[in-house]
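The values are calculated or read from the model by the stated rules, or taken from the named source; none is laboratory data. The shown structure was predicted, so the numbers you read here are calculated from the model rather than taken from an experiment. Cβ: placed from backbone, ideal geometry, glycine included. Neighbour counts: every protein chain shown. Areas reflect the complete protein model, heavy atoms only, side chains present, ligands, DNA and RNA absent. Shrake-Rupley method; radii C 1.70, N 1.55, O 1.52, S 1.80 Å.
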Amino acid sequence: MTVETTLLRHLPPDLDPCTLPAHVAVIMDGNGRWAKRRGQPRLFGHRRGADNLVNLLHCCKDWGIHTLTVYAFSTENWQRPKVEVELLMWLIEQMIRQKLPELKAMGMRFDCIGDLTVLPHSLRSEIQRAIEQTADNTSVEFVMAINYGGQQEILQACQAIAARVEDGALTASQVDRALFEEQLYTHRKPNPDLLIRTSGEKRLSNFLLWQLAYTELYFTDAFWPDFDAGEFHQALLAYQSRNRRFGQVKTA
Ligand code: IPE
Ligand code: IPE
Ligand code: MG
């Protein structure tokens, strides 16, 4: 059976395989409220949220979506109570460690964006191990944004470029979009075609500010732990009904 027929076997019939987004980004929000509704501590919601991520990875693989980038921890999330921050770090580490064999079996490549230098040492080693062991895989690129902030990313790119200008290695007029993008965490990754945010909030919360310039935005009231294959299917249907114009004149 060819790759194409395998994909078509899994893909819901109302989705057009030719116009699926190549790159989906997700702001996984609402774990705390999901838990609160059930009379449980926020940490319970984070655990269920971490488990849910694997379902989405399976959809990407089965339906032929090449890149999935998820917002796991923002630069602002350090301001949460210490116990919650520690649990989130532990959950991310545990998820990467436990799911690595499954990611490998699914042929996925793992990567991270964000400032990893300040993360707990054990998490950094786990990330490094997962990146190395999946480097040659090609089915889906799974990118976790950890200690990621769009403004910080843009600022550090400006600083790196300014330092090169200061050294005389570059002139200001040589700074163009391609050179700027080389300095971003997402260098060599495509920009997202579709951004999904769960939990009813309609904001970007400092996620991929540069990269989302022409991304289609989709908001759902579902809390992240409830965002299942059916919800993802609805998001993809909404995406396929959009008319992307990129500033040009195009008919639907
Ligand atoms: C998203 O859920 C997970 C992270 C931000 C790490 P929240 O923890 O933000 O849940 P709510 O938004 O408070 O419900
Ligand atoms: C965004 O959610 C960050 C992640 C999902 C990791 P937040 O819950 O932190 O965002 P705000 O505070 O509602 O904007
Ligand atoms: Mg939130």
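Which of the trypsin sites (Lys or Arg not before Pro) found in the range 136-235 are in a DSSP loop and have at most 11 neighbouring Cβ atoms, other than their own, within 10 Å?
Working: sites: 164, 177, 188, 197, 202, 203; in loops: 188, 202, 203.
Of the trypsin sites (Lys or Arg not before Pro), the ones in loops of the range 136-235 whose Cβ has at most 11 other Cβ atoms within 10 Å are 188, 202, 203.
At the residue level, residue 210 shows approximately 80 square angstrom of accessible surface with a 1.4 angstrom probe and all protein chains present. By the scheme Lys and Arg +1, Asp and Glu -1, what is the net charge of all other residues having a beta-carbon under 13 Å from that of residue 133? With Lys, Arg at +1 and Asp, Glu at -1, the neighbours total 0. Straight-line cross-link partners of residue 61 among the aspartates and glutamates, defined as a Cα under 15 Å from its Cα and at least 8 positions apart when in the same chain: 4, 102, 141, 228. Comparing 134, 171, 198 in a Gaussian network model of the chain (Cα springs below 10 Å), the most mobile by mean-square fluctuation is 171.
Think of it as helices only: each DSSP H run of n ≥ 4 in the chain is worth -39500 (n - 2.57), and spread over all residues that comes to -14000 deg cm²/dmol at 222 nm. With K and R counted +1 and D and E -1, the other residues having a Cβ less than 13 Å from that of residue 197 yield a net charge of -3.
Calculate the tail of P(r) for the range 1-127: the fraction of all Cα-Cα distances greater than 27 Å, expressed in %. Write out the running numbers ahead of the final one.
Details: 2258 of 8001 pairs.
More than 27 Å apart: 28 percent of the Cα pairs in the range 1-127.
For the range 196-237, the square roots of the Cα gyration tensor eigenvalues, ordered a ≥ b ≥ c, give a/c of at least 1.5 with a/b no greater than b/c, which places it in the oblate category.
With a sphere of radius 15 Å drawn around the Cβ of residue 151, what net charge do the other residues whose Cβ falls strictly inside it have (Lys, Arg +1; Asp, Glu -1)?
Values: positive: 203; negative: 76, 115, 153.
The answer is -2.
Considering only 247, 235, 220, the residue lying farthest towards the positive end of the dipole of the range 156-252 is 247, judged by Cα position with unit charges set on Cβ. Length gained on full extension, residue 104 to residue 43: 19.2 nm, using 0.36 nm per residue less the C-alpha separation. Please go through the residue pairs 36/82; 82/104; 99/250; 104/189; 104/250 and name each one whose alpha carbons sit more than 31 Å apart in this structure. Violating the 31 Å limit, Cα to Cα: 82/104; 99/250; 104/250.
What FRET efficiency, computed as 1/(1 + (r/R0)^6) with R0 = 45 Å and r the Cβ-Cβ distance, is obtained for residue 90 and residue 160, rounded to the nearest 0.05?
Details: r = 32 Å, r/R0 = 0.71.
It comes to 0.90.
For the range 2-90, run through the trypsin sites (Lys or Arg not before Pro) and keep only the ones in DSSP coil with at most 13 other Cβ atoms within 10 Å of their Cβ. Write out the running numbers ahead of the final one.
Values: sites: 9, 33, 36, 37, 38, 42, 47, 48, 61, 82; in loops: 38.
Loop-located and lightly packed - 38.
Starting from the Cα gyration tensor of the chain, take the square roots of the eigenvalues, sort them a ≥ b ≥ c, and report rounded, prolate or oblate (rounded when a/c is under 1.5, otherwise prolate if a/b is larger than b/c, else oblate).
Numbers: a/c = 1.43, a/b = 1.10, b/c = 1.30.
Since a/c stays below 1.5, the shape of the chain is classed as rounded.
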